[in-house]
Amino acid sequence: MGEEVLGVIIATEYGRIPVLHCNLIFTPQMMIVAKKGMSKEIAGLMVGGAVGQWLAIRSDKKRVQELKQPEVEEILKANKKNYRIFYSEILKAEMKKLSRFSWPYSTEIKFTTDKKKHKFKLKNVKFEEAVELFQAVLPHKISVK
């Protein structure tokens, strides 16, 4: 029995070494951080300049669409670096819009739990859409700057 997926956002997690390129998968109870391989943008720039980067971003969007109905436990087991954050564990969350010079990143979000702080930059998502998703899953814990 799979858990309903509310949305998937491509992101980069900061505060980790190395930086973790991931998909944030949102369900009604939790956010799953699912590791990705080496950043396709970096590979695209090394191989094909701007055209290679555009193709890499386009393929990332297609991959996100394919992740719409995953089995939560399978995703968590797929890589030992994958983990979940239950919304009930989040004490507060802060979002802010990044400058247009931060492309392809549009939004920064910070979560604080009693155990750890998490910082993500969201990629290829409109700021307003990201705010809407986070307000749906964290209605009383999210502040937007």
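Just so it is clear, none of the values below were taken in a lab; they were calculated from the coordinates. Worth saying up front: this structure is predicted, and the values here are computed from it rather than measured. With ideal geometry, Cβ positions are generated from the backbone for all residues, glycine too; neighbour counts draw on all protein chains shown.
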Hey, with R₀ at 25 Å, roughly what FRET efficiency would Y83 and K126 work out to, going by the Cβ-Cβ distance, to 0.05? 0.40
For the range 101-141, just say rounded, prolate or oblate: build the C-alpha gyration tensor, square-root its eigenvalues into a ≥ b ≥ c, call rounded for a/c under 1.5, and beyond that prolate if a/b exceeds b/c, oblate if not. oblate
Honestly the range 76-145 on the Cα gyration tensor test (a ≥ b ≥ c root eigenvalues; a/c under 1.5 rounded, otherwise a/b vs b/c for prolate or oblate) is just oblate
